[in-house]
Amino acid sequence: MVYKNIENTVSFTSAAGVYLGNDEVLVALESTEYTFEKTADPEIWSGEGQLSYTITLTNVSGDDLTDITVTDVLPSDVTFLPATVEINGATSTNFDDSGLPTVEFGTVTPLSVTSLEPLVITFQVEKTP
């Protein structure tokens, strides 16, 4: 069985600016205003079944973050599964996948994060045949 790391780029924009991270599987950004992390489950994926991504943006600034759009550039060898998108635990269609492999979350209604609360986006992909 062959395993490989999946490189991925994810970013978010808010009224304060654009923040970008790029890593294999786990992306973690920190500042005095937010923590930003992307994880994959399972961490090592054989390409069989589905792979779940979780993007977590936690506001630690004391002020609300508003007008947030999260942009994720998926690897070219996976297929995005739109029906699996959840934002803060609720099924969501608040995304734009017309520019695949780039998916933007918060395009229908801008997202916001209150102080000390997380914004959690989860979705799944599968290996492109």
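The values are calculated or read from the model by the stated rules, or taken from the named source; none is laboratory data. Keep in mind the model is a prediction, meaning the values are calculated, not measured. So basically every Cβ, Gly included, is an ideal-geometry build from the backbone, and we count neighbours across all protein chains shown.
I'm told Asp67 meets every condition in (1) charged (D, E, K, R); (2) on the phi > 0 side of the Ramachandran plot; (3) modelled with pLDDT of 90 or more except one. Can you identify the failing condition by its number? Tallying (1) charged (D, E, K, R); (2) on the phi > 0 side of the Ramachandran plot; (3) modelled with pLDDT of 90 or more, Asp67 fails exactly one: (3). Taking every residue in segment 32-52 that is without any contact (Cβ under 8 Å) to a residue 24 or more places away in the chain and pairing it with any residue that is assigned to a loop (DSSP other than H, G, I, E, B) and of a type outside the set (Asp, Glu), at least 6 positions away or on another chain, the pairs with Cβ-Cβ distances below 6 Å are Thr39/Leu26.
Is it the case, given these coordinates, that Val103 is closer than 17 Å to Ala40 by Cα, modelled with pLDDT of 95 or more and either among the small types (Gly, Ala, Ser) or touching a strand residue (DSSP E or B) at 6+ places or on another chain (Cβ under 6 Å) (or both)? For Val103, the condition - closer than 17 Å to Ala40 by Cα, modelled with pLDDT of 95 or more and either among the small types (Gly, Ala, Ser) or touching a strand residue (DSSP E or B) at 6+ places or on another chain (Cβ under 6 Å) (or both) - is not met. Taking strands (runs of 3 or more DSSP E) as the structural unit, those lying wholly within segment 67-120 and holding at least 3 residues that are over 23 Å from Gln50 (Cα atoms) correspond to 111-113. Would you be able to say whether some residue in segment 4-13 is among the charged types (D, E, K, R), within 20 Å of Lys127 (Cα to Cα), over 13 Å from the mean Cα position of the chain (by Cα) and modelled with pLDDT of 80 or more? No.
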